[in-house]
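K.L.:
Below: one structure in structure tokens.
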Amino acid sequence: MRNFKILITFVLATVMFSCTVDENDSLDDVANGPAPSNISALFTITQDNTGLVTIAPRGEGVGSYEVYYGDTTEEPGIVLAGKTISHTYAEGNYSVKIVGKSVNGKTAEYIHDLAVSFVAPENLQVTIAPVVGDPLSINVSAKADLEAFFEVWFGESEDEEPVQFNEGETIMHTYAAIGTYEVKVVAYSGGAATTEYTQNVTITNPLLLPINFENPTLNYEFTNFNGATAGVIDNPDASGINTSDKVAFMTPAAGGTWTGGLLTLDSPLDLSSLTNIKVKVWSPQAGIIVKLKVENLNDGNQSYEVDRVTSVSNQWEELVYDFSGANMDQEYSKLVFFFNAGSPGTGDTYYFDDISQSAGENAIVLPLTFETSSLDYTFNTFEGSAVQKIANPHPEGINTSGNVVEFIKTNGAGIYAGVAMPLDDVIDFTVQKKIKIKVWSPAVGKTILLKFESIPNVDGTSIEKSALTTVANAWEELTFDFSDISTTINYQNVVLFCDFNVSGTGTTYYFDDITQAD
């Protein structure tokens, strides 16, 4: 705590104080003693915005003091010589009167103008971060020294009412439109002094994969050619693997052979690791060729196309297109769709939805079986855990597979010791929201905690569930129910804790076969 000290010495004068002498005719030396003199005072104001002032009266020939605080306090404070007294003030100006009294009752007083002014908050730090999976929203948090609370203005309108929040809270705001906005955060102390921070935030909502046609702020404008029509409509068959509200439709021109439409992305596709493109398709017939072509923004000759064939009629299915053969030195910003490609149009309408990227065959994705020798599994350990893929030391019961993961919670490891396993693709939780893991534990009642994080995890977005082991020294399958998971967040990091919330004692666990289930 820093103290600001004010020492004011007052010289007795008729303009500053008055002395009252007790007129006593007694010849007693005490009674005829002098009145107090050379009174001074030391004021100490704590710099924590509490308004606490310590008053240390000083003087000669004084037995005690009466301190009149100058605020609404009616009774004076009594201070013995050589002692101090403390009083809490609101911010403002006060006339403090101190009356010094000698042992014979004689008094002297003075009045001091005391100013109590709270200091502004210091070391203000404001964090403004995008919300993962929601390009129109931001999260705002702040911390500072000497602050009482914060207010934030998001810059969306002139008559905007600020939102109040405390340190440790995060405020989310969703903008109605794209643009650049000035975000202002003001830190308040106990008084009038404030500290302010401003930052320009640019809100963009580019058309990028994945595309689900559900965002009303995005421009899903198709460029149609050779007589085809395409657009976005209400889902005409919300069933099976696609119960979303909005989908795209395309009607090739009757009699036309190569009629289609395209979407132009705001940034080129990144095919370096996610080489597959998945599309949910509804066709009135099985055996229909659906061609997907990726094309350079300015040069249509720079392109790569893949055909897939529908296998069902009048229901949704997912077609997967492998673009690993595309020229990775080129940039592709256009997605071109042909339905019943190469055949004359019949006037039929096709529907498609949920255009997304995924990894190819040599990718680390769910399910994780740890059996593929060509995959380089990543185990990011923390707080003292030791994790590696090994040959199954207990090939029995429900798990006779060749490889498993060994998890050692080393002696002295932290209570949150665990392992993070990044995947090459986002986990699709739209249908299967449960996760099953085969676990081998040396004891019953051990907490196994499973957590999913987004990548990059800029704002700590995560969700976790736990389960208890029910058998010892044997394999069992634990189920983690993530029914409440948000499908708009791109979870891609699998984090596992064994014997969660307990310090490590060198115990070994094993796990295997991390799979999704309904």
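The values are calculated or read from the model by the stated rules, or taken from the named source; none is laboratory data. What you see is a predicted model; the values in this text were computed from it and never measured. We place every Cβ from the backbone using ideal geometry, glycine too, and count neighbours over all the protein chains shown. Ligands, DNA and RNA are stripped out before the accessible areas are found, and what is left, the full protein with its side chains, is counted by its heavy atoms. Shrake-Rupley method; radii C 1.70, N 1.55, O 1.52, S 1.80 Å.
K.L.:
Using the Cα gyration tensor of the range 276-331, with a ≥ b ≥ c the square roots of its eigenvalues, what is the shape: rounded (a/c below 1.5), prolate (a/b larger than b/c) or oblate (neither)?
P.N.:
Because a/c hits 1.5 or more and a/b exceeds b/c, the range 276-331 counts as prolate.
K.L.:
Once R0 is set to 60 Å, what does the formula 1/(1 + (r/R0)^6) return for the Cβ-Cβ distance between residue 273 and residue 192, expressed as a FRET efficiency to the nearest 0.05?
P.N.:
Once rounded, the FRET efficiency stands at 0.60.
K.L.:
Turning to a different aspect of this structure: Give the shape of the range 207-346 as rounded, prolate or oblate, defined through the alpha-carbon gyration tensor: a ≥ b ≥ c are the square roots of its eigenvalues, a/c under 1.5 means rounded, and otherwise the shape is prolate if a/b is larger than b/c and oblate if not.
P.N.:
In terms of gyration-tensor shape, rounded.
K.L.:
Given a 1.4 angstrom probe, I'd like the percentage of the accessible area of the chain that is carbon and sulfur, rounded to a whole number.
P.N.:
47
K.L.:
Now, a different point. Pairs to check: 389/436; 334/434; 246/278; 278/434; 278/433. Give those whose C-alpha atoms are more than 27 Å from each other in this structure.
P.N.:
From the list (389/436; 334/434; 246/278; 278/434; 278/433), the Cα-Cα distance tops 27 Å for 334/434.
K.L.:
Once you have a ≥ b ≥ c as the square roots of the Cα gyration tensor eigenvalues for the range 264-422, tell me rounded if a/c is under 1.5, and otherwise prolate or oblate according to whether a/b is larger than b/c.
P.N.:
prolate
K.L.:
Still on this structure, I have one more. Label points 7 Å out from Cα along the Cβ direction at residue 204 and residue 241: separation in nm?
P.N.:
3.2
K.L.:
If I model the range 37-123 as equal point scatterers sitting on the Cα atoms and use the Debye formula, what is log10 I(q)/I(0) at q = 0.23, 0.26 Å⁻¹?
P.N.:
For the range 37-123 at q = 0.23, 0.26 Å⁻¹, log10 I(q)/I(0) is -1.10, -1.33.
K.L.:
Going by average Cβ density within 10 Å per residue, which order do the peptides 143-155, 82-94 take, highest to lowest?
P.N.:
143-155, 82-94
K.L.:
In addition: Relative to the present Cα-Cα distance, how much length would full extension add between residue 383 and residue 483 at 0.36 nm per residue of separation?
P.N.:
Result for the pair: 33.1 nm of gain on full extension.
K.L.:
Residues of the range 182-235: accessible area per residue at 1.4 Å, in Å²?
P.N.:
Here the residues of the range 182-235 average 51 Å² of exposed surface.
K.L.:
Could you do me a favour and compute the accessible area per residue for the range 368-518, 1.4 Å probe, result in Å²?
P.N.:
Roughly 43 Å² per residue, with all protein chains present.
K.L.:
Also: Which FRET efficiency value, to the nearest 0.05, is calculated for residue 214 and residue 501 with the Förster distance at 45 angstrom and r the Cβ-Cβ distance?
P.N.:
Efficiency computed from Cβ-Cβ geometry: 0.70.
K.L.:
Along Cα→Cβ, 7 Å out, is where each label goes; now give me the distance between the ones at residue 95 and residue 157 in nm to one decimal.
P.N.:
Placing both labels 7 Å along Cα→Cβ, they lie 4.9 nm apart.
K.L.:
Okay, moving on. Between residue 258 and residue 330, what is the spin-label point distance in nm, taking each point 7 Å from the Cα along the Cα→C-beta axis?
P.N.:
Placing both labels 7 Å along Cα→Cβ, they lie 1.4 nm apart.
K.L.:
Please compute the length gained on full extension between residue 517 and residue 221, using 0.36 nm multiplied by the number of residues separating them and subtracting their Cα-Cα distance.
P.N.:
Contour length minus Cα-Cα distance gives 102.9 nm.
K.L.:
Moving on. Just tell me which lysines come within less than 19 Å, Cα to Cα, of residue 106; anything on the same chain fewer than 8 places away is out.
P.N.:
97
K.L.:
Tabulate in residue order the Karplus-calculated ³J(HN,Hα) for the range 329-342, using 6.51 cos²θ - 1.76 cosθ + 1.60 with θ = phi - 60°, rounded to whole Hz; enter x for Gly and Pro.
P.N.:
7, 9, 9, 10, 10, 10, 10, 10, 10, 10, 9, 6, 4, x
K.L.:
Can you find, among 414, 449, 345, the residue sitting farthest towards the positive end of the charge dipole of the range 335-455, where Lys and Arg contribute +1 and Asp and Glu -1 at Cβ?
P.N.:
Toward the positive end, the furthest listed residue is 414.
K.L.:
Normalised by the empirical 2.2 N^0.38 Å for globular proteins, what value does the Cα Rg of the range 404-518 take?
P.N.:
Normalised Cα radius of gyration, the range 404-518: 1.05.
K.L.:
Take the eigenvalues of the Cα gyration tensor for the chain, scale each by 5, and report the square roots as semi-axes in whole Å, largest first.
P.N.:
Ellipsoid half-lengths, sorted descending, are 75, 34, 16 Å.
K.L.:
Find how much the distance from residue 307 to residue 430 grows on full extension, using 0.36 nm per residue of separation minus their present alpha carbon separation; answer in nm with one decimal.
P.N.:
Fully extending the segment from residue 307 to residue 430 adds 41.7 nm.
K.L.:
When the Cα centres of the range 238-317 and the range 112-166 are compared, how far apart do they sit, in Å?
P.N.:
If you average the Cα positions of each part, the centres end up 46 Å apart.
K.L.:
For an R0 of 56 angstrom, estimate the FRET efficiency from the Cβ-Cβ distance between residue 115 and residue 462 and round to the nearest 0.05.
P.N.:
Efficiency at R0 = 56 Å is approximately 0.65.
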